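Report on the structure given below.
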Amino acid sequence: SARAGGSGATASTTGRVDARSLERAIAHAPANSAIAIYVLTEKRLRLLIVTRRTQLEIPVSVDARDLQRQIGHFLDLIGERAPIDGPARALYDTLARPLDEVARQEKVTHLFLWLDGPLRYIPFGALEAPDGTYLADRYAIEVLAAITLSSPSPSPGAPAQPEKNAETMNAASL
């Protein structure tokens, strides 16, 4: 179990994800891209990372309420135009370090992020790595508004099925 940062978050075993629709989505993305899907629960953050060469799931133990407080504090400081270095580094350690490590290894230059719950409010480009650089210094970052399940067209006369959010990404959304 690897330590993920100073905020008490720990990353546990990295698993492999096999999602064909994510493979299709990354195939339609610009070269050197990664798709990162963040799903937050009460006690865990699930980070799914997809590049053209790999698909990973990285679970991170985190207290969602504490993380929400950290995010709120970070956003307050930004609104006040106060120094953000400490909170930007802490959020980097918890949220961005696993993605940044994979992205650097895979020579990624473009990140597509789908963010769950309060994570949607974080300006990921402002998260600061230990070397003092910001994610925006290394990557073009796009936040996806929705991830939808791409399903085959229904047969004639069949009722339309609603889209299911947060399961897979529709390549057309890229």
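The values are calculated or read from the model by the stated rules, or taken from the named source; none is laboratory data. Keep in mind that this is a model prediction, so the values were computed, not measured. Cβ sites come from the backbone with ideal geometry, for glycine too, and all protein chains shown count toward neighbours. Surface accessibility is based on the protein's heavy atoms, side chains included, excluding ligands, DNA and RNA. Shrake-Rupley method; radii C 1.70, N 1.55, O 1.52, S 1.80 Å.
Taking region 125-136 as the search range and keeping residues that are part of a helix (DSSP H, G or I) and more than 13 Å from Ile84 (Cα to Cα), which one is most open to solvent (accessible area, probe 1.4 Å)? Write out each step before concluding.
So the first thing to find is which residues in region 125-136 are part of a helix (DSSP H, G or I), and the list is 125-126, 135-136.
Next, from what is left, pick out any that are more than 13 Å from Ile84 (Cα to Cα): 135-136.
Working: Leu135: 5, Ala136: 61 Å².
Filtering region 125-136 for residues that are part of a helix (DSSP H, G or I) and more than 13 Å from Ile84 (Cα to Cα), the one most open to solvent (accessible area, probe 1.4 Å) comes out as Ala136.
Exactly one residue out of Arg53, Arg24, Arg69 is open to solvent by 10 Å² or more (accessible area, probe 1.4 Å) and without any contact (Cβ under 8 Å) to a residue 24 or more places away in the chain: that is Arg69.
Being hydrophobic (A, V, I, L, M, F, W, C), part of a helix (DSSP H, G or I) and closer than 23 Å to His28 by Cβ: is that true of Leu99 here? Criteria met by Leu99.
Inspect region 101-115 for any residue being over 15 Å from Ser21 (Cα atoms), open to solvent by less than 20 Å² (accessible area, probe 1.4 Å), of a type in the set (Gly, Ala, Ser) and at pLDDT 95 or above and give the result as yes or no. Within region 101-115, one or more residues are over 15 Å from Ser21 (Cα atoms), open to solvent by less than 20 Å² (accessible area, probe 1.4 Å), of a type in the set (Gly, Ala, Ser) and at pLDDT 95 or above. Considering region 72-100, the residues that are in contact with a strand residue (DSSP E or B) (Cβ under 7 Å, 6 or more places away or on another chain) and over 19 Å from Thr41 (Cα atoms) include one that is surrounded by the most Cβ atoms within 10 Å (Cβ to Cβ), namely Ala88.
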